[in-house]
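J.: Sharing a structure, written as C-alpha coordinates. Questions coming.
The values are calculated or read from the model by the stated rules, or taken from the named source; none is laboratory data. Everything quoted here is computed from the prediction, not taken from an experiment. FYI the Cβ positions are ideal-geometry reconstructions off the backbone, even for glycines, and counts take in every protein chain you see. Areas reflect the complete protein model, heavy atoms only, side chains present, ligands, DNA and RNA absent. Shrake-Rupley method; radii C 1.70, N 1.55, O 1.52, S 1.80 Å.
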Amino acid sequence: MDFKTAVEQETRRLQVIHPTPEQIPGCMSLLDDFLSCNAFGFQLKSLYRYGGQAVCGRKMGDFKFCMSLKSLDQDEKREAWIRRRAEWWATRRLAKSSEDVWDMRTEPLQNFPPKQLISDLTEHHEIS
(Lines give C-alpha, C1' and ligand atoms only; values in the text may rest on other atoms or scores of the structure.)
Protein backbone atom coordinates (compact mmCIF):
# COMPACT_ATOMS: atom_id res chain seq x y z
CA MET A 1 0.00 0.00 0.00
CA ASP A 2 1.31 3.44 -0.83
CA PHE A 3 1.11 6.60 1.29
CA LYS A 4 -1.56 8.29 -0.85
CA THR A 5 -3.93 5.31 -0.57
CA ALA A 6 -3.38 5.10 3.20
CA VAL A 7 -4.12 8.84 3.57
CA GLU A 8 -7.34 8.47 1.54
CA GLN A 9 -8.47 5.53 3.71
CA GLU A 10 -7.69 7.40 6.91
CA THR A 11 -9.42 10.53 5.62
CA ARG A 12 -12.63 8.57 4.98
CA ARG A 13 -12.41 6.95 8.43
CA LEU A 14 -11.84 10.28 10.18
CA GLN A 15 -14.68 11.96 8.27
CA VAL A 16 -17.02 9.36 9.79
CA ILE A 17 -15.58 9.84 13.28
CA HIS A 18 -15.72 13.66 13.00
CA PRO A 19 -18.84 14.30 10.87
CA THR A 20 -19.20 17.95 11.92
CA PRO A 21 -16.71 20.67 12.88
CA GLU A 22 -17.86 20.40 16.51
CA GLN A 23 -16.38 16.88 16.74
CA ILE A 24 -12.78 17.94 16.16
CA PRO A 25 -10.84 18.75 19.33
CA GLY A 26 -10.59 22.38 20.37
CA CYS A 27 -7.33 24.18 21.05
CA MET A 28 -7.93 24.24 24.82
CA SER A 29 -8.47 20.48 24.82
CA LEU A 30 -5.20 20.00 22.92
CA LEU A 31 -3.37 22.31 25.33
CA ASP A 32 -4.77 20.27 28.24
CA ASP A 33 -3.48 17.08 26.56
CA PHE A 34 -0.01 18.61 26.23
CA LEU A 35 0.07 19.87 29.81
CA SER A 36 -1.17 16.58 31.26
CA CYS A 37 1.44 14.72 29.19
CA ASN A 38 4.14 16.72 30.95
CA ALA A 39 2.62 16.23 34.41
CA PHE A 40 4.71 14.34 36.96
CA GLY A 41 2.24 11.48 37.35
CA PHE A 42 1.97 10.89 33.61
CA GLN A 43 5.75 10.94 33.20
CA LEU A 44 6.18 8.57 36.15
CA LYS A 45 3.65 6.14 34.68
CA SER A 46 5.46 6.27 31.33
CA LEU A 47 8.78 5.60 33.04
CA TYR A 48 7.29 2.61 34.86
CA ARG A 49 5.47 1.13 31.85
CA TYR A 50 7.89 1.86 29.01
CA GLY A 51 11.19 2.57 30.71
CA GLY A 52 11.44 6.18 29.58
CA GLN A 53 9.83 9.58 29.58
CA ALA A 54 6.73 10.23 27.51
CA VAL A 55 7.48 12.33 24.44
CA CYS A 56 4.97 15.16 24.31
CA GLY A 57 6.23 17.03 21.25
CA ARG A 58 3.44 15.76 18.99
CA LYS A 59 0.85 17.07 21.44
CA MET A 60 2.44 20.51 21.39
CA GLY A 61 2.55 20.30 17.59
CA ASP A 62 -1.18 19.55 17.55
CA PHE A 63 -1.85 22.57 19.75
CA LYS A 64 0.25 24.87 17.55
CA PHE A 65 -1.46 23.53 14.44
CA CYS A 66 -4.85 24.19 16.01
CA MET A 67 -3.83 27.75 16.82
CA SER A 68 -2.76 28.25 13.20
CA LEU A 69 -6.29 27.36 12.09
CA LYS A 70 -7.94 30.21 14.02
CA SER A 71 -8.45 32.33 10.88
CA LEU A 72 -10.27 29.56 8.97
CA ASP A 73 -14.01 28.93 9.05
CA GLN A 74 -15.33 25.83 10.85
CA ASP A 75 -15.52 23.54 7.80
CA GLU A 76 -12.02 24.48 6.65
CA LYS A 77 -10.70 23.80 10.17
CA ARG A 78 -12.33 20.37 10.12
CA GLU A 79 -10.86 19.50 6.72
CA ALA A 80 -7.38 20.71 7.71
CA TRP A 81 -7.53 18.78 10.99
CA ILE A 82 -8.72 15.61 9.27
CA ARG A 83 -6.00 15.91 6.61
CA ARG A 84 -3.29 16.32 9.28
CA ARG A 85 -4.54 13.38 11.35
CA ALA A 86 -4.99 11.21 8.23
CA GLU A 87 -1.37 11.86 7.25
CA TRP A 88 -0.21 11.03 10.79
CA TRP A 89 -2.20 7.78 10.89
CA ALA A 90 -1.05 6.83 7.38
CA THR A 91 2.58 7.38 8.38
CA ARG A 92 2.05 5.30 11.48
CA ARG A 93 0.32 2.50 9.54
CA LEU A 94 3.06 2.30 6.92
CA ALA A 95 5.90 2.29 9.45
CA LYS A 96 7.17 -0.97 10.92
CA SER A 97 5.04 -2.39 13.71
CA SER A 98 3.99 -5.62 15.34
CA GLU A 99 1.07 -5.68 12.89
CA ASP A 100 3.45 -6.40 10.00
CA VAL A 101 2.72 -10.10 10.36
CA TRP A 102 -0.93 -9.60 9.39
CA ASP A 103 -2.43 -8.95 5.97
CA MET A 104 -5.57 -6.84 5.86
CA ARG A 105 -8.46 -8.62 4.16
CA THR A 106 -10.38 -6.72 1.54
CA GLU A 107 -13.23 -9.26 1.47
CA PRO A 108 -14.59 -11.81 3.98
CA LEU A 109 -13.38 -15.39 4.05
CA GLN A 110 -15.41 -17.79 1.95
CA ASN A 111 -17.36 -20.47 3.85
CA PHE A 112 -16.28 -19.28 7.28
CA PRO A 113 -17.22 -20.52 9.72
CA PRO A 114 -17.67 -23.88 8.00
CA LYS A 115 -21.30 -24.94 7.83
CA GLN A 116 -20.37 -28.42 9.08
CA LEU A 117 -18.86 -26.95 12.23
CA ILE A 118 -22.00 -24.94 12.92
CA SER A 119 -24.24 -27.95 12.43
CA ASP A 120 -22.00 -30.10 14.66
CA LEU A 121 -22.10 -27.50 17.41
CA THR A 122 -25.84 -27.03 17.24
CA GLU A 123 -26.44 -30.81 17.34
CA HIS A 124 -24.39 -31.26 20.50
CA HIS A 125 -25.38 -28.10 22.34
CA GLU A 126 -28.73 -26.55 22.82
CA ILE A 127 -28.72 -22.90 21.95
CA SER A 128 -31.19 -20.92 23.96
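J.: Rounded to the nearest percent, how much of the accessible area of the chain (1.4 Å probe, protein heavy atoms only) is carbon and sulfur? Numbers along the way, then the final one.
T.: Values: 5860 of 10200 Å².
Roughly 57 percent of what the probe reaches on the chain is carbon or sulfur.
J.: What aspartates and glutamates could a cross-link reach from Lys45, if we take a straight Cα to Cα line under 17 Å and drop same-chain neighbours fewer than 8 places away?
T.: Hits, sequence-local ones excluded: Asp33.
J.: Continuing with the same structure: Using a 1.4 angstrom probe, figure out how much accessible area the chain has per residue, in square angstrom, rounded to the nearest whole.
T.: With the other protein chains kept in place, the chain gives 80 Å² per residue.
J.: Also, I was wondering about something else. Could you give the Stokes-Einstein D for the chain in µm² per second, using the C-alpha Kirkwood radius, 10 °C, 1.306 mPa s? Don't skip to the end; give the middle numbers.
T.: On the way: Rh = 18.5 Å.
So the translational diffusion coefficient is about 86 µm²/s.
J.: Separate question: In the neighborhood of Cys56, defined by Cβ-to-Cβ distances under 14 Å, what is the net charge if each Lys or Arg adds +1 and each Asp or Glu adds -1?
T.: +1
J.: Shifting gears a bit: Tell me what the chain gives for mean residue ellipticity at 222 nm when only DSSP H runs of n ≥ 4 count, each as -39,500 (n - 2.57), the sum divided by the residue total, rounded to 500 deg cm²/dmol.
T.: Working: 6 runs with 80 residues, N = 128.
Rounded to the nearest 500, it is -20000 deg cm²/dmol.
J.: Ignoring ligands and nucleic acids, what accessible area does Asp75 show with a 1.4 Å probe (Å², nearest 10)?
T.: The value for Asp75 is about 100 Å².
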